[in-house]
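See structure below.
Quick note: the coordinates plus some simple rules give every number you see, no bench work behind them. As the structure is a computational prediction, the values presented were derived from the model and not from experiment. Virtual Cβ from ideal backbone geometry, glycine too; neighbours counted across all protein chains shown.
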Amino acid sequence: MTSVPDQFCLDGHVAIVTGASSGPGAGFGRALAQAGADLVLLARRDDNLAGTRRPVEAENRCDLTVRADISNPGDRAAVATAAMNQFGRIDVLANINLNGCCWMAQTCGRVMRPGRPIINLSSILGLTSLGLPQAACSASNALIGLTRDLAQQRTS
């Protein structure tokens, strides 16, 4: 029987994590490093990326940090180019943001091999409001729809 850590082993895989300077992006970056992925960490706030980079380096992962604003097409292209130059491929894209998810999926999808995952993180409030005033989180419903559509396009 395969152990749970073995099922999530990402040794030899390259993952891009958007929004990696804080919050869910930083946490997801650390988790991917623990699973064995080599990382491309990006965020608008270059100074905060060091806080994510240290735990990644502690996992002995080869990483690349890039200051990028993924609302800028040139920055998105630069991230994909840097990843391809450093590692020769992109295996996983982990997105944190609504518009940025769509833009990075388009950019990375052009160079990723078929069948490689794109992970879009959204709030549970995208599925229910729970009676809370959380308009920004509730907008994650659009991200859930985008993810479903991207999944259908990649398999057809």
- prompt: How many Å³ per residue does the convex hull of the Cα positions in the range 1-41 occupy?
  reply: 52
- prompt: Based on Cβ point charges of +1 for Lys and Arg and -1 for Asp and Glu, what charge dipole magnitude is obtained for the range 1-97 about its Cα centre, in debye rounded to the nearest 20?
  reply: 220
Listed peptides 71-77, 97-103, 40-46, 17-23 by packing density, highest first (mean Cβ within 10 Å): 17-23, 40-46, 97-103, 71-77
message: Sequence gap at least 6, Cα distance under 8 Å: using those rules, report the relative contact order of the range 8-78 to the nearest whole percent.
response: 30
statement: Amide H proximity to L121 below 5 Å, modelled H, separation 5+ or other chain, gives N95, N97
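Which of I16, I118, I70 comes first, and how do the rest follow, when ranked by fewest Cβ neighbours within 10 Å?
I118, I70, I16
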